[in-house]
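For reference, the structure discussed in these notes is given below.
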Amino acid sequence: MQQDDIAAGVIDTSRPHPARIYDYLLGGKNHYDVDRQAGEELVAVAPEARAGVRANRAFMERAVRFAVGQGVRQVLDIGTGLPTSPNVHEIAEQVTSDGVRVAYVDNDPIVKAHGDALLSRTGSTGIILGDVRDPRSILDHPDVRRLIDFDEPVALLLVAVLHFLADSDEPGRVAAELRDALPAGSYLVLSHATGDFADRSDAQDGYSRKASASLNLRPKAQVEQFFEGFELVEPGLAQISYWRPDSPPPAEAGRIGFYGGVARRG
Ligand SMILES: C[S@@+](CC[C@H](N)C(=O)[O-])C[C@H]1O[C@@H](n2cnc3c(N)ncnc32)[C@H](O)[C@@H]1O
(Lines give C-alpha, C1' and ligand atoms only; values in the text may rest on other atoms or scores of the structure.)
Protein backbone atom coordinates (compact mmCIF):
# COMPACT_ATOMS: atom_id res chain seq x y z
CA MET A 1 0.00 0.00 0.00
CA GLN A 2 1.24 3.52 -0.78
CA GLN A 3 1.76 6.21 1.87
CA ASP A 4 -1.06 8.26 0.24
CA ASP A 5 -3.45 5.34 0.65
CA ILE A 6 -2.47 5.01 4.30
CA ALA A 7 -3.11 8.72 4.81
CA ALA A 8 -6.48 8.39 3.08
CA GLY A 9 -7.41 5.43 5.27
CA VAL A 10 -7.77 3.01 2.34
CA ILE A 11 -8.24 -0.59 3.50
CA ASP A 12 -6.31 -2.99 1.27
CA THR A 13 -7.70 -6.53 1.29
CA SER A 14 -5.65 -7.77 -1.67
CA ARG A 15 -2.58 -8.63 0.43
CA PRO A 16 -2.17 -10.10 3.89
CA HIS A 17 -1.47 -7.44 6.53
CA PRO A 18 0.55 -7.89 9.74
CA ALA A 19 -2.27 -6.73 12.04
CA ARG A 20 -4.77 -9.12 10.48
CA ILE A 21 -2.40 -12.12 10.31
CA TYR A 22 -1.62 -11.51 13.98
CA ASP A 23 -5.32 -11.24 14.80
CA TYR A 24 -5.97 -14.54 12.98
CA LEU A 25 -3.17 -16.30 14.89
CA LEU A 26 -4.52 -14.89 18.17
CA GLY A 27 -7.98 -16.29 17.39
CA GLY A 28 -9.57 -12.89 16.67
CA LYS A 29 -12.29 -12.08 14.15
CA ASN A 30 -10.90 -9.25 12.03
CA HIS A 31 -9.16 -10.85 9.06
CA TYR A 32 -9.73 -11.88 5.44
CA ASP A 33 -8.98 -15.03 3.43
CA VAL A 34 -5.57 -13.70 2.37
CA ASP A 35 -4.62 -13.19 6.03
CA ARG A 36 -5.81 -16.62 7.13
CA GLN A 37 -3.86 -18.22 4.29
CA ALA A 38 -0.71 -16.30 5.20
CA GLY A 39 -1.18 -17.27 8.85
CA GLU A 40 -1.49 -20.95 7.98
CA GLU A 41 1.60 -20.76 5.76
CA LEU A 42 3.51 -19.24 8.66
CA VAL A 43 2.38 -21.99 11.04
CA ALA A 44 3.44 -24.61 8.48
CA VAL A 45 7.07 -23.45 8.64
CA ALA A 46 7.04 -22.14 12.24
CA PRO A 47 4.70 -24.43 14.22
CA GLU A 48 5.20 -22.37 17.40
CA ALA A 49 3.77 -19.21 15.73
CA ARG A 50 0.38 -19.38 17.48
CA ALA A 51 1.96 -19.89 20.89
CA GLY A 52 4.40 -17.12 19.98
CA VAL A 53 1.77 -14.44 19.35
CA ARG A 54 -0.07 -15.39 22.55
CA ALA A 55 3.19 -15.23 24.49
CA ASN A 56 3.94 -11.83 22.94
CA ARG A 57 0.55 -10.50 23.98
CA ALA A 58 1.03 -11.89 27.49
CA PHE A 59 4.46 -10.22 27.68
CA MET A 60 2.87 -6.90 26.69
CA GLU A 61 0.30 -7.29 29.47
CA ARG A 62 2.94 -8.04 32.12
CA ALA A 63 5.17 -5.20 30.93
CA VAL A 64 2.33 -2.63 30.93
CA ARG A 65 1.31 -3.72 34.44
CA PHE A 66 4.94 -3.33 35.50
CA ALA A 67 5.36 0.18 34.03
CA VAL A 68 2.03 1.42 35.41
CA GLY A 69 2.92 -0.21 38.73
CA GLN A 70 6.06 1.95 38.72
CA GLY A 71 3.85 5.04 38.58
CA VAL A 72 3.79 5.83 34.85
CA ARG A 73 0.46 7.41 33.90
CA GLN A 74 0.76 7.79 30.11
CA VAL A 75 1.41 5.25 27.39
CA LEU A 76 2.37 5.72 23.74
CA ASP A 77 1.62 2.41 22.01
CA ILE A 78 3.06 2.33 18.46
CA GLY A 79 2.04 -0.67 16.36
CA THR A 80 -1.11 -1.17 18.43
CA GLY A 81 -2.69 -3.96 16.40
CA LEU A 82 -6.39 -4.72 16.15
CA PRO A 83 -8.22 -4.31 19.45
CA THR A 84 -7.66 -7.41 21.59
CA SER A 85 -8.99 -7.71 25.11
CA PRO A 86 -7.51 -6.67 27.40
CA ASN A 87 -6.29 -3.60 25.51
CA VAL A 88 -3.55 -1.42 26.98
CA HIS A 89 -5.90 1.06 28.69
CA GLU A 90 -7.84 -1.86 30.21
CA ILE A 91 -4.63 -3.40 31.55
CA ALA A 92 -3.70 -0.02 33.07
CA GLU A 93 -7.17 0.21 34.66
CA GLN A 94 -6.52 -3.12 36.38
CA VAL A 95 -3.53 -1.52 38.13
CA THR A 96 -4.79 1.96 38.96
CA SER A 97 -7.95 4.06 38.87
CA ASP A 98 -5.81 7.15 38.19
CA GLY A 99 -6.98 7.44 34.57
CA VAL A 100 -3.87 6.44 32.62
CA ARG A 101 -3.81 8.21 29.24
CA VAL A 102 -3.08 6.02 26.21
CA ALA A 103 -2.25 7.16 22.67
CA TYR A 104 -2.55 4.30 20.20
CA VAL A 105 -0.73 4.51 16.85
CA ASP A 106 -0.83 2.15 13.87
CA ASN A 107 -0.23 2.54 10.15
CA ASP A 108 -3.03 0.17 9.14
CA PRO A 109 -6.37 1.91 8.40
CA ILE A 110 -8.31 -1.16 9.50
CA VAL A 111 -6.70 -0.92 12.95
CA LYS A 112 -7.67 2.76 13.07
CA ALA A 113 -11.25 1.96 12.02
CA HIS A 114 -11.69 -0.70 14.71
CA GLY A 115 -9.72 1.36 17.20
CA ASP A 116 -11.99 4.39 16.69
CA ALA A 117 -14.86 2.21 17.91
CA LEU A 118 -13.10 0.37 20.72
CA LEU A 119 -10.02 2.31 21.80
CA SER A 120 -11.27 5.91 21.87
CA ARG A 121 -14.29 5.72 24.09
CA THR A 122 -13.11 8.14 26.71
CA GLY A 123 -11.16 11.38 26.73
CA SER A 124 -8.13 9.55 28.08
CA THR A 125 -7.48 7.34 25.05
CA GLY A 126 -7.18 7.95 21.32
CA ILE A 127 -5.90 6.34 18.15
CA ILE A 128 -4.10 7.91 15.20
CA LEU A 129 -2.85 6.62 11.87
CA GLY A 130 0.91 6.96 11.93
CA ASP A 131 4.02 5.27 10.62
CA VAL A 132 6.78 4.46 13.10
CA ARG A 133 9.32 5.12 10.34
CA ASP A 134 8.43 8.80 10.73
CA PRO A 135 8.70 9.30 14.51
CA ARG A 136 8.44 13.10 14.30
CA SER A 137 4.99 12.94 12.70
CA ILE A 138 3.83 10.80 15.62
CA LEU A 139 5.49 12.86 18.35
CA ASP A 140 4.08 16.12 16.92
CA HIS A 141 0.60 14.80 16.13
CA PRO A 142 -1.99 17.01 17.89
CA ASP A 143 -3.95 14.00 19.19
CA VAL A 144 -0.78 12.50 20.66
CA ARG A 145 0.11 15.88 22.21
CA ARG A 146 -3.40 16.12 23.68
CA LEU A 147 -2.88 12.84 25.53
CA ILE A 148 0.85 12.69 26.20
CA ASP A 149 2.85 15.29 28.12
CA PHE A 150 6.45 14.66 27.15
CA ASP A 151 7.65 16.45 30.31
CA GLU A 152 6.24 13.58 32.39
CA PRO A 153 7.31 9.90 32.32
CA VAL A 154 5.89 7.90 29.41
CA ALA A 155 5.76 4.17 28.74
CA LEU A 156 6.65 3.78 25.05
CA LEU A 157 5.44 0.48 23.62
CA LEU A 158 7.19 -0.87 20.53
CA VAL A 159 5.76 -4.36 20.89
CA ALA A 160 6.19 -6.65 17.87
CA VAL A 161 6.54 -3.74 15.45
CA LEU A 162 10.21 -2.97 14.71
CA HIS A 163 10.66 -6.35 13.00
CA PHE A 164 8.42 -4.96 10.24
CA LEU A 165 11.14 -2.43 9.48
CA ALA A 166 13.87 -3.46 7.05
CA ASP A 167 17.43 -2.39 7.78
CA SER A 168 16.97 0.26 5.05
CA ASP A 169 14.18 1.78 7.20
CA GLU A 170 16.84 2.39 9.88
CA PRO A 171 15.04 0.90 12.88
CA GLY A 172 17.96 2.00 15.09
CA ARG A 173 17.41 5.65 14.12
CA VAL A 174 13.66 5.27 14.62
CA ALA A 175 14.10 3.84 18.13
CA ALA A 176 16.66 6.54 19.01
CA GLU A 177 14.38 9.40 17.88
CA LEU A 178 11.54 8.01 19.97
CA ARG A 179 13.74 7.36 23.02
CA ASP A 180 15.12 10.90 22.80
CA ALA A 181 11.60 12.33 23.21
CA LEU A 182 11.14 10.63 26.60
CA PRO A 183 12.04 12.26 29.93
CA ALA A 184 13.71 10.58 32.93
CA GLY A 185 11.54 7.96 34.62
CA SER A 186 10.14 6.78 31.25
CA TYR A 187 10.09 3.15 30.15
CA LEU A 188 10.64 1.48 26.80
CA VAL A 189 8.71 -1.78 26.38
CA LEU A 190 9.88 -3.64 23.28
CA SER A 191 9.54 -7.07 21.74
CA HIS A 192 11.02 -8.30 18.49
CA ALA A 193 11.03 -11.50 16.41
CA THR A 194 14.26 -13.47 16.18
CA GLY A 195 15.70 -16.58 14.55
CA ASP A 196 18.02 -17.21 17.52
CA PHE A 197 16.07 -20.21 18.87
CA ALA A 198 15.27 -22.00 15.60
CA ASP A 199 16.18 -21.36 11.99
CA ARG A 200 13.16 -19.50 10.71
CA SER A 201 14.54 -18.11 7.44
CA ASP A 202 11.73 -19.89 5.54
CA ALA A 203 9.15 -18.12 7.69
CA GLN A 204 10.89 -14.78 7.20
CA ASP A 205 11.13 -15.19 3.42
CA GLY A 206 7.59 -16.54 2.95
CA TYR A 207 6.01 -13.80 5.09
CA SER A 208 8.02 -11.04 3.43
CA ARG A 209 7.10 -12.23 -0.07
CA LYS A 210 3.37 -12.18 0.59
CA ALA A 211 2.56 -9.63 3.25
CA SER A 212 2.31 -5.87 2.96
CA ALA A 213 5.38 -5.50 5.24
CA SER A 214 8.55 -7.59 5.39
CA LEU A 215 9.45 -9.64 8.45
CA ASN A 216 13.01 -9.05 9.66
CA LEU A 217 14.25 -11.49 12.30
CA ARG A 218 17.16 -10.04 14.30
CA PRO A 219 19.70 -11.53 16.70
CA LYS A 220 19.86 -10.58 20.37
CA ALA A 221 22.73 -8.09 20.04
CA GLN A 222 20.80 -6.08 17.43
CA VAL A 223 17.60 -6.05 19.47
CA GLU A 224 19.53 -4.90 22.55
CA GLN A 225 20.73 -1.85 20.62
CA PHE A 226 17.15 -0.53 20.47
CA PHE A 227 17.40 0.12 24.23
CA GLU A 228 20.63 2.13 24.05
CA GLY A 229 20.95 4.71 26.83
CA PHE A 230 18.14 3.09 28.86
CA GLU A 231 18.72 0.60 31.66
CA LEU A 232 17.12 -2.82 31.14
CA VAL A 233 15.24 -3.96 34.23
CA GLU A 234 15.67 -7.56 35.43
CA PRO A 235 15.89 -10.07 33.78
CA GLY A 236 17.14 -7.97 30.85
CA LEU A 237 16.26 -8.82 27.27
CA ALA A 238 14.79 -12.31 27.54
CA GLN A 239 13.08 -14.94 25.45
CA ILE A 240 9.59 -13.63 25.81
CA SER A 241 7.92 -16.24 28.04
CA TYR A 242 10.76 -15.91 30.54
CA TRP A 243 10.36 -12.17 31.10
CA ARG A 244 8.90 -12.05 34.62
CA PRO A 245 6.42 -14.90 34.04
CA ASP A 246 3.35 -14.89 36.26
CA SER A 247 2.22 -18.38 35.23
CA PRO A 248 4.10 -21.47 34.00
CA PRO A 249 5.57 -20.79 30.51
CA PRO A 250 3.83 -22.60 27.60
CA ALA A 251 5.23 -25.95 26.45
CA GLU A 252 6.65 -24.27 23.32
CA ALA A 253 8.39 -21.48 25.31
CA GLY A 254 11.92 -22.57 24.44
CA ARG A 255 11.24 -22.42 20.70
CA ILE A 256 9.30 -19.14 20.59
CA GLY A 257 11.24 -16.66 18.47
CA PHE A 258 10.56 -13.43 20.33
CA TYR A 259 12.73 -11.33 22.60
CA GLY A 260 11.12 -8.96 25.07
CA GLY A 261 12.50 -6.39 27.45
CA VAL A 262 11.66 -3.31 29.49
CA ALA A 263 14.14 -0.52 30.12
CA ARG A 264 14.08 2.69 32.13
CA ARG A 265 15.52 6.09 31.38
CA GLY A 266 17.42 7.10 34.50
C1 LIG B 1 2.14 -8.01 15.28
S2 LIG B 1 1.10 -6.63 15.52
C3 LIG B 1 1.45 -6.24 17.21
C4 LIG B 1 0.28 -5.65 17.94
C5 LIG B 1 0.53 -5.31 19.39
N6 LIG B 1 1.60 -4.34 19.53
C7 LIG B 1 0.87 -6.55 20.19
O8 LIG B 1 2.06 -6.81 20.36
O9 LIG B 1 -0.02 -7.29 20.60
C10 LIG B 1 2.06 -5.37 14.68
C11 LIG B 1 1.31 -4.08 14.43
O12 LIG B 1 2.26 -3.12 13.95
C13 LIG B 1 1.66 -2.39 12.89
N14 LIG B 1 2.72 -1.85 12.04
C15 LIG B 1 3.51 -2.51 11.15
N16 LIG B 1 4.36 -1.65 10.56
C17 LIG B 1 4.11 -0.43 11.09
C18 LIG B 1 4.65 0.88 10.88
N19 LIG B 1 5.62 1.08 9.97
N20 LIG B 1 4.16 1.91 11.60
C21 LIG B 1 3.16 1.71 12.50
N22 LIG B 1 2.60 0.50 12.74
C23 LIG B 1 3.06 -0.55 12.04
C24 LIG B 1 0.77 -3.39 12.19
O25 LIG B 1 -0.26 -2.76 11.43
C26 LIG B 1 0.24 -4.20 13.35
O27 LIG B 1 -0.96 -3.66 13.83
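The values are calculated or read from the model by the stated rules, or taken from the named source; none is laboratory data. Small disclaimer: the values here were computed from a predicted structure and weren't measured. As a convention, Cβ positions derive from the backbone with ideal geometry for all residues, glycine included, and neighbour counts pool all protein chains shown. Just the protein is used for accessible areas: all its heavy atoms, side chains included, with ligands, DNA and RNA removed. Shrake-Rupley method; radii C 1.70, N 1.55, O 1.52, S 1.80 Å.
Remark: region 152-245 carries 41 Å² of accessible area per residue (probe radius 1.4 Å; ligands, DNA and RNA excluded). Packing, taken as the mean count of other beta carbons within 10 Å per residue, orders the peptides 99-109, 163-173 from highest to lowest as 99-109, 163-173. What separates the Cα centres of region 133-174 and region 25-60 is a distance of 25 Å.
At q = 0.07, 0.08, 0.17 Å⁻¹, what log₁₀ I(q)/I(0) does the chain have when each alpha carbon counts as one equal point scatterer in the Debye sum? With no solvent term, the Cα-only Debye profile gives -0.21, -0.28, -1.49. For region 164-266, give the percent of accessible area contributed by carbon and sulfur heavy atoms, probe 1.4 Å, rounded to a whole number. Here it works out to 46 percent. Here, region 26-90 has an Rg and a Dmax of 14.4, 42 Å when only alpha carbons are counted. In region 132-263, what % of DSSP beta bridges are antiparallel (nearest 5)? So the antiparallel bridges in region 132-263 amount to around 65 percent. Counting every C-alpha pair in region 147-266, the share spaced more than 20 angstrom apart comes to 45%. Annotation: lysines with alpha-carbon distance below 29 angstrom to Lys220 (same-chain offsets under eight excluded): Lys210.
Can you pull out the trypsin sites (Lys or Arg not before Pro) in region 111-140 whose DSSP state is coil and whose Cβ has at most 12 other Cβ atoms within 10 Å? Walk me through the intermediate numbers first.
Working: sites: Lys112, Arg121, Arg133, Arg136; in loops: Arg121, Arg133.
Passing both the DSSP loop test and the Cβ count: Arg121.
Can you give the % of DSSP beta bridges in the chain that are antiparallel, to the nearest 5? Can you show the working numbers first?
Values: 11 of 29 bridges.
That works out to approximately 40 percent antiparallel.
Between the DSSP loop rule and a limit of at most 14 other Cβ atoms within 10 Å, which trypsin sites (Lys or Arg not before Pro) in region 21-88 are left? Can you show the working numbers first?
On the way: sites: Lys29, Arg36, Arg50, Arg54, Arg57, Arg62, Arg65, Arg73; in loops: Lys29, Arg73.
Loop-located and lightly packed - Lys29.
Label positions at Arg136 and Lys29, each projected 7 Å from the Cα along the C-beta direction, are separated by 4.2 nm.
Here the label points at Gln70 and Ser97, each 7 Å from Cα along the C-beta direction, are separated by 2.6 nm in the simple model. Within the listed set Gly79, Gly123, Gly254, the Gaussian network model of the chain (springs between alpha-carbon atoms below 10 Å) gives the highest mean-square fluctuation for Gly123.
Rounded to 0.05, the FRET efficiency of the Phe197 and Ala176 pair, given R0 = 45 Å and the Cβ-Cβ distance, is 0.95.
Report, in cubic angstrom per residue, the convex hull volume of the C-alpha atoms of region 1-153. Don't skip to the end; give the middle numbers.
On the way: hull volume 17.6 nm³, N = 153.
Taking the convex hull of the Cα positions in region 1-153, it is 115 Å³ per residue.
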